[in-house]
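Nothing in this text is a laboratory measurement; each read-out follows from the coordinates by a stated rule. Computed from a predicted model, the values in this text were never measured in an experiment. Cβ coordinates were reconstructed from backbone atoms using ideal geometry, including for glycine residues, and neighbour counts include every protein chain displayed.
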Amino acid sequence: MRTDRGREATQQLVRALAEVGLQASRETAGAKSRPHLLVRGPHGVEFVVEVEHRALVRDGDVSTLTREPPAIHSQLGVVGVVVADRITQEAKNQLRAKSWGWLDLRGDLHLEAPGAFVDARVSPEEPASRAVKEPLAGAVGLELASLLLMQPSRSVGVRKGAEDLTRAPSSVSAELARLRAAGLVDERNRPVTPDLFRALSRRWRPESVNVASVPELVASPINDALRLGIDDPENQPGWALSDTLAAIAYGAPVSVSGNYPPDLYVPDRATLRRASQLLGVASSHRGRAGRLRVAPVPMVTNRRINQGTSGKAVWPLAHPLFVALDLAQDPDRGTQALAAWDPPGRWQRVW
């Protein structure tokens, strides 16, 4: 806690306390102890706060965080307070049960001390992470966020993440650090949901083209040139159905007409250009036979799901994560569908 970030967190708490009429001054802390604040209020109220900083606090973090109780300090009452960019509601409930206070830098201050009870909204603070490169700003960030959200209960280390993404470990390490500083992954490198999903959805802007026709799902030289990958969908890259029709296939509460055009991801821009030439570009959005999109991350077209319908050729599905990201781009209909959609089977909801 003697880092620059720890000192900044202490000053943020001082400012928040001042907003509710409590004056705090920094005291010298021992080499191994948390920073101390001497807090004074009206009518002779006086107590000591020990400050702990975290980027993120979830319910599973509270037992470790509070394992070391605040130290005995002279004759004054002592209370522990955690300052964090984000604190989940369940974590706040657990902190309250353990008589700890918190400052959630989004603007929530809670403190119970001898002679003082504070539960108030205060001015939000900008996370220190905004001063560094923003997470999800590049390809590695998008790929890493997708990898984490596809298996949200798994803790992903740098080496494993670099192996899965075929990226340099240094790049994965740097991006994990940015996500952690922004409170989008926890200290075990697991995604904070739905926060990471929402951050990724704001960056999800695939390039697309409306086409005048879509390929038939049969073996042909044209389909080979378009890289449909229909022979073994779950073990080879290829086109993937997403958005509305894929959501329906996964049981989302969405309804459309029987001839609704498909939204399909293709592996890269070269395939999109080739498809535009061979299939033709639609004269209007309403008159399209389908819409083709370039996959923002390779996993969209590398990790497809076979619908398994017998006797009829059907498009392989994009992973539910990517289907949900597409739905999230519609602020009205998509938001409503996501709120009521729990994908079946092995899939985990992260939105």
Which shape class applies to region 228-351: rounded if a/c is under 1.5, otherwise prolate when a/b exceeds b/c and oblate if not, where a ≥ b ≥ c are the square roots of the Cα gyration tensor eigenvalues? oblate
Each residue of region 203-216 in turn: what ³J(HN,Hα) in whole Hz from Karplus with 6.51, -1.76, 1.60 and θ = phi - 60°, glycine and Pro shown as x? 9, 8, 10, x, 5, 9, 9, 7, 10, 7, 8, 10, x, 7
For region 218-333, what is the percent of antiparallel DSSP beta bridges, rounded to the nearest 5? 45
note: the chain, Cα-Cα separations exceeding 25 Å make up a percent value of 60
Cβ crowding within 10 Å averaged over residues, with 36-46, 319-329, 215-225, 297-307 ranked highest first: 319-329, 297-307, 36-46, 215-225
For region 208-339 the mean separation of alpha carbon contacts under 8 Å (6+ apart) over residue count, i.e. relative contact order in percent, is 35
Region 132-203: C-alpha gyration tensor shape, a/c 1.5 cut-off, then a/b vs b/c: rounded
Just check region 4-121 against the gyration tensor rule for me: Cα atoms, a ≥ b ≥ c as the square roots of the eigenvalues, rounded for a/c under 1.5, and otherwise prolate or oblate depending on whether a/b exceeds b/c. rounded
Using Cα pairs closer than 8 Å and at least 6 residues apart in sequence, work out the relative contact order for the chain, in percent. 12
